[in-house]
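The values are calculated or read from the model by the stated rules, or taken from the named source; none is laboratory data. Bear in mind that the values here come from a model prediction, so they are computed numbers and not experimental data. No Cβ is skipped: glycine too gets one built from the backbone with ideal geometry, and neighbour counts run over all protein chains shown. To get the accessible areas, we keep the full protein, side chains included, count just its heavy atoms, and leave off ligands, DNA and RNA. Shrake-Rupley method; radii C 1.70, N 1.55, O 1.52, S 1.80 Å.
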Amino acid sequence: MSIKSGEETSSHNKETEDSSDKKHVIILAIESSCDETAAAVVRDGRDVLSNIISSQIALHTVYGGVVPEIASRKHVEKVNYCVREALSQADLKLEDIDAIAVTYGPGLVGALLVGVSEAKALSFATGIPLVGVHHIEGHISANYIENKDLEPPFVCLVVSGGHSHLVVVKDYGEYEIIGQTRDDAAGEAFDKVARAIGLGYPGGPKIDKAAREGDPDAISFPAAKIADAEYDFSFSGLKSAVLNYINIQRMQGDDFNKNDLAASFQKAVVDVLTEHAIRACKEYGYDKLAIAGGVASNTALRTSLENACKENNIKFYRPSPVLCTDNAAMIGAAGYYEYMKGVRADLTLNAVPNLPLGDRERRFHGRQSM
């Protein structure tokens, strides 16, 4: 990795370079919010020149979930490699980079700190501008990479291990949360149910696979709805209903079909996500729906939303599975639009593990504005 001289790479010189002389804006992006160490190079917010992901799934499977301290240590080992490889595959050097974008929240604080420290060190050494990116904004922006025609405004359903949001994307970087989970996120519920029925970790892909062999109507589970908030979710009750069913079957000495249980649980999750998303599009007057986050790669959810969108004349957008899980390309896409708006971070940028996406999220979870 090449480093510029101090004279050539001062922040002032980089910031005041005549942007009209440049044909493209190139973003180096870093992501380390959980258990994937990732770096990518993205051009003009939509074209991915490289996307390097070092996964820790095999490492954490032994423990049945992500161990934060282990994740942080592995990020330290891998982050320099990922950055070098991203630049190499893009056939670029740091001299070619216009900005460094990095996830600074939400996520595991130790994991976030590794990526933020890497990005700040590179910015300090080279004078390349630094842009902090919200992890969920990154997931939403993954849709811009494969759907070149997608422009705001639209509705986005964000479903991952830590988040379940219905968001109106009013403009690039401008979001209104109209619905969210009050307790467990959808991905969290998938992991807990998978563990309970002996499928192991990670739960989402294993539930998805088992459900294909099961009957989704075999067991009736409650809908994950909130009576006084039509767009909110509550997956804790659904998870508890599944655990109660398993306990009752075992106490009675009865066996249960894991595939049927997985399919029935998945149907309960998919039905409420689809219902809320379609209703939001219709009632808010949007004809475009996108999905984002790790659970957005679930085949049943993608099929359900695609069919529902066709029935309601709504255009459906979804990233490929590799862009649904944590990656740096999505951070580069989000970072590009922040950079073009003039957003810059200085070297005081810090990890914010509970970084909110909007006011409504703060109200439900008691988070303070950062």
Only one of (1) modelled with pLDDT of 95 or more; (2) under 23 Å from E213 (Cα atoms) does not apply to F256, and that is (1)
The residue from E69, E95 that alone is outside any loop (DSSP other than H, G, I, E, B), closer than 30 Å to L199 by Cβ and open to solvent by 50 Å² or more (accessible area, probe 1.4 Å) is E69
The residue that is nearest to P321 (Cα to Cα), considering only those in region 182-207 that are in contact with a strand residue (DSSP E or B) (Cβ under 7 Å, 6 or more places away or on another chain) and open to solvent by less than 10 Å² (accessible area, probe 1.4 Å), is G187
Here the residues within region 150-171 that are in a loop (DSSP other than H, G, I, E, B) and at pLDDT 95 or above are L150, E151, P152, P153
Of the residues in region 43-66, those that are in a strand (DSSP E or B), open to solvent by 30 Å² or more (accessible area, probe 1.4 Å) and either in contact (Cβ under 8 Å) with a residue 60 or more places away in the chain or not polar (S, T, N, Q) (or both) come to R43, D47, V48, L49, N51, I53
Expected output for region 89-101 (first residue under 9 Å from P129 (Cα atoms), partner outside any helix (DSSP H, G or I) and small (G, A, S), Cβ below 7 Å, 6+ apart or cross-chain) is A101/A29
Output for Cβ contacts, cut-off 8 Å, separation at least six or different chains, first residue closer than 15 Å to R279 by Cβ and assigned to a helix (DSSP H, G or I) in region 300-311, second at pLDDT 95 or above and not aliphatic (A, V, I, L, M), reads S304/D271; S304/T274; L305/T274; L305/F316; L305/R318; A308/T274; C309/K315; C309/F316
request  = Would you check if there is a residue in region 265-281 being in contact (Cβ under 8 Å) with a residue 60 or more places away in the chain, open to solvent by 30 Å² or more (accessible area, probe 1.4 Å) and not in a loop (DSSP other than H, G, I, E, B)?
outcome  = no
*asked:* With the structure loaded, tell me whether D171 is out of contact with any His (no Cβ under 6 Å at 6 or more places or on another chain) and more than 29 Å from T348 (Cβ to Cβ) or whether it fails that test.
replied: no
In this structure, is G332 at pLDDT 95 or above, not polar (S, T, N, Q) and not in a helix (DSSP H, G or I)? no
Q. Do we have I219 as part of a loop (DSSP other than H, G, I, E, B) and not acidic (D, E) here?
A. yes
Could you tell me whether region 129-141 includes any residue that is β-branched (V, I, T) and assigned to a strand (DSSP E or B)?
yes
Subset of region 213-233, residues under 19 Å from L273 (Cα atoms) and open to solvent by 20 Å² or more (accessible area, probe 1.4 Å), comes to P216, D217, I219, S220, F221, P222, A223, K225, I226, A227, D228, E230
>> It is to be established whether one or more residues within region 287-300 are touching a helix residue (DSSP H, G or I) at 6+ places or on another chain (Cβ under 7 Å), open to solvent by 30 Å² or more (accessible area, probe 1.4 Å) and of a type in the set (A, V, I, L, M).
In response: yes
